[in-house]
1. Restrict the check to the stretch 112-119 and report whether at least one residue is in contact (Cβ under 8 Å) with a residue 24 or more places away in the chain, in contact with a Leu (Cβ under 9 Å, 6 or more places away or on another chain), among the aromatic types (Phe, Trp, Tyr) and assigned to a helix (DSSP H, G or I).
2. Please specify each residue of the stretch 13-31 satisfying the condition of being among the β-branched types (Val, Ile, Thr), exposed (fewer than 15 other Cβ atoms within 10 Å of the Cβ) and touching a helix residue (DSSP H, G or I) at 6+ places or on another chain (Cβ under 9 Å).
3. Could you tell me whether the stretch 82-90 includes any residue that is part of a loop (DSSP other than H, G, I, E, B) and closer than 15 Å to Val13 by Cβ?
4. Which residue out of Tyr114, Tyr64 is of a type in the set (Phe, Trp, Tyr) and over 25 Å from Val3 (Cβ atoms)?
5. Tell me, which residue of the stretch 38-56 that is of a type in the set (A, V, I, L, M) and under 24 Å from Leu87 (Cβ atoms) is surrounded by the fewest Cβ atoms within 10 Å (Cβ to Cβ)?
6. Of the conditions (1) modelled with pLDDT of 95 or more; (2) part of a helix (DSSP H, G or I); (3) loosely packed, with under 14 Cβ neighbours inside 10 Å, Gly123 satisfies every one except a single condition; which number is it?
7. For Ile50, all conditions in the list (1) over 23 Å from Val117 (Cβ atoms); (2) assigned to a helix (DSSP H, G or I); (3) of a type in the set (A, V, I, L, M, F, W, C); (4) in contact with a Ser or Thr (Cβ under 9 Å, 6 or more places away or on another chain) hold save one; what is the number of the exception?
8. Given Ser67, Ser10, Ser35, Ser59, which one is among the small types (Gly, Ala, Ser), over 16 Å from Arg131 (Cα atoms), surrounded by 11 or more Cβ atoms within 10 Å (Cβ to Cβ) and touching a residue at least 12 places away in the same chain (Cβ under 8 Å)?
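The values are calculated or read from the model by the stated rules, or taken from the named source; none is laboratory data. Because the structure is a prediction, the values reported are computed rather than measured. In this analysis, Cβ positions are derived from the backbone assuming ideal geometry, glycine residues included, and neighbour counts consider all displayed protein chains.
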Amino acid sequence: MNVKRFIAASLAVFVVGQALGFLIHNVILRATYDSLKSLWRPDMQSKMWIMWLVGFITSFLFTYIFSKGYEGKGIGEGLRFGLVIGLFTSIPMAYDSYVTLPIPYSLALQWFLYGTVATIILGVVAAMIYRPATKI
């Protein structure tokens with residue numbers, strides 16, 4: 001494993017993931033969330049540090065899993081990895097939430113779609129930065 005590239009890719013995945021999260025949740029879905037204010041915790045903002053910490057940890061896990069299956073096939077490998085992980089995480093998050101929370105189906109569908117697209121982008125980021133150490 002190329003440790004320097006692993007750390008760089010993990011940090012890039014974290015930063016891009018946070019930017020995509022902001023775009024999706026604070027811009028695109030803002031009006032939907034505002035219309036469902038009664039569902040969210042009133043103290044949610046004071047707990048956001050937990051989401052940032054989880055995002056930081058999972059960015060390293062995401063990149064670690066990518067690096068273990070790394071085949072050196074470039075951006076396409078990142079697209080494929082992002083799609084598989086995106087489906088693996090977005091389907092249960094969106095649809096389990098739809099079953100357990102009184103949210104409209106349109107929100108669950110958007111969580112699924114935007115989550116999958118964001119994870120595909122993160123796979124591309126990981127593929128662009130991570131490369132194994134070159135042998136001398």
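1. yes
2. Looking only at the stretch 13-31, we keep the residues that are among the β-branched types (Val, Ile, Thr), and these are 13, 15-16, 24, 27-28.
Going one step further and asking which of them are exposed (fewer than 15 other Cβ atoms within 10 Å of the Cβ), we end up with 15, 27-28.
The answer is Val15, Ile28.
3. Our first condition is that a residue be part of a loop (DSSP other than H, G, I, E, B); within the stretch 82-90, this holds for none.
There is no residue in the stretch 82-90 that is part of a loop (DSSP other than H, G, I, E, B) and closer than 15 Å to Val13 by Cβ.
4. Values: Tyr64 fails: over 25 Å from Val3 (Cβ atoms).
Just a single option satisfies the conditions, and that option is Tyr114.
5. Within the stretch 38-56, the subset of a type in the set (A, V, I, L, M) is 39, 44, 48, 50-51, 53-54.
Filter once more, keeping what is under 24 Å from Leu87 (Cβ atoms): 51, 54.
Working: Met51: 13, Val54: 10.
Restricting to residues being of a type in the set (A, V, I, L, M) and under 24 Å from Leu87 (Cβ atoms), the top hit is Val54.
6. Tallying (1) modelled with pLDDT of 95 or more; (2) part of a helix (DSSP H, G or I); (3) loosely packed, with under 14 Cβ neighbours inside 10 Å, Gly123 fails exactly one: (3).
7. (4)
8. Numbers: Ser67 fails: over 16 Å from Arg131 (Cα atoms); Ser10 fails: over 16 Å from Arg131 (Cα atoms); Ser35 fails: touching a residue at least 12 places away in the same chain (Cβ under 8 Å).
It is Ser59.
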